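The values are calculated or read from the model by the stated rules, or taken from the named source; none is laboratory data. Since the model is a prediction, treat every value here as computed from it, not as a measurement. Positions of Cβ are generated from backbone atoms using ideal geometry, with glycine treated the same way; all protein chains shown enter the neighbour counts.
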């Protein structure tokens, strides 16, 4: 199998420095693989770990798939490939997990290849866990490399970042992403382009959202417009929207308000984020109290910041939707 079948298309360029490390037998003791969500960073890190564990990698430094190490990889039971992640969704990587890891790393790798530790997402280590991890980084063991995968590298302590080689994964060009997405989905090209735009260029995230997500977004947008037209009540909509993902709703609402502001400034259509909703947003923009629109934008940003705190979801939505309805000029 060649690189185009082993890697996502936008990983081909990133594989060049990784394969060079293997060729030169100069594997970094720690590497941070970072970039936006939905770009397959963990997938690339796993491929590197397989290549490092393989006894007979091919000419492109991919694992052979036939040796005893590769058989264990296929069974997801290779002892020298260790993955550390939160024990449950919404939790952090704990100090207990890092202590367990460092206890394992005191022992030598069981096979002749390089032992790999994948920490994902690395930015979800607690402060105590990060401090414990830093102590290991200061005295690493031989034949072991640490791969820290993150989409929020700024959340990692600078002392950890400084000890890592860095590999930034870039979003692919639009046409590259669309061509790959068409191979994975039966959705129309227009829907795929909209999904990709909403995912800010991340193909995996776009496919994960799916066309059902587009339908929900359109339904919420129609309700939002109905509020502006006084055809719906803010309290009723807030009660109904409680069932949806709040972070996603805030992202949609913020992008709609941003596009309304852009239309008031008569910016070029290419800078508008929601191109599929462009006509409705453009028609609505002149009807709005412009200064109040900025106040709503500030409220949405503040609401996003509050996501990490204890909050009453319905009250937050009510505040946003009432303010939205009030800034619409009466015809």
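Condition check ((1) surrounded by 18 or more Cβ atoms within 10 Å (Cβ to Cβ); (2) within 30 Å of the chain's Cα centre (by Cα)) across all residues:
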| site | (1), (2) |
| --- | --- |
| 246 | no, yes |
| 249 | yes, yes |
| 284 | yes, no |
| 287 | no, no |
| 291 | no, no |
| 300 | yes, yes |
| 307 | no, yes |
| 314 | no, yes |
| 322 | no, no |
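Residue check: residue 82 meets all listed conditions (1) out of contact with any helix residue (DSSP H, G or I) (no Cβ under 8 Å at 6 or more places or on another chain); (2) modelled with pLDDT of 95 or more; (3) within 22 Å of residue 22 (Cβ to Cβ) but one, namely (1). Residues in region 34-78 that are over 17 Å from residue 166 (Cα atoms), assigned to a helix (DSSP H, G or I) and in contact (Cβ under 8 Å) with a residue 60 or more places away in the chain: 52, 53.
Being in contact with a strand residue (DSSP E or B) (Cβ under 7 Å, 6 or more places away or on another chain) and under 24 Å from residue 180 (Cβ atoms) narrows it down to one residue among 51, 14; which is it? Give the steps one after another, and end with the answer.
Numbers: 51 fails: in contact with a strand residue (DSSP E or B) (Cβ under 7 Å, 6 or more places away or on another chain).
The unique qualifying residue is 14.
Tell me which residues, restricted to region 17-33, are outside any loop (DSSP other than H, G, I, E, B), surrounded by 14 or more Cβ atoms within 10 Å (Cβ to Cβ) and out of contact with any helix residue (DSSP H, G or I) (no Cβ under 7 Å at 6 or more places or on another chain). I'd like the intermediate steps shown before the answer.
Going residue by residue through region 17-33, those that are outside any loop (DSSP other than H, G, I, E, B) are 17-24, 30-33.
Of the ones still in play, those that are also surrounded by 14 or more Cβ atoms within 10 Å (Cβ to Cβ) are 18-19, 21-22, 30-33.
Selection gives 19, 21, 31.
Checked against (1) touching a residue at least 24 places away in the same chain (Cβ under 8 Å); (2) outside the structural domain of residue 39 (by TED's automatic domain parsing); (3) part of a helix (DSSP H, G or I), residue 187 meets all criteria but (3).
Residues checked against (1) under 24 Å from residue 158 (Cβ atoms); (2) loosely packed, with under 14 Cβ neighbours inside 10 Å; (3) at pLDDT below 95; (4) assigned by TED's automatic domain parsing to the domain that holds residue 163:
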residue: 15; (1), (2), (3), (4): no, no, no, yes
residue: 41; (1), (2), (3), (4): yes, no, no, yes
residue: 51; (1), (2), (3), (4): no, no, no, yes
residue: 58; (1), (2), (3), (4): no, no, yes, yes
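Taken over region 225-243, residues that are over 14 Å from residue 322 (Cβ atoms) and outside any loop (DSSP other than H, G, I, E, B) amount to 3. When 265, 273 are screened for being modelled with pLDDT under 90 and either closer than 22 Å to residue 191 by Cβ or under 25 Å from the mean Cα position of the chain (by Cα) (or both), only 273 passes.
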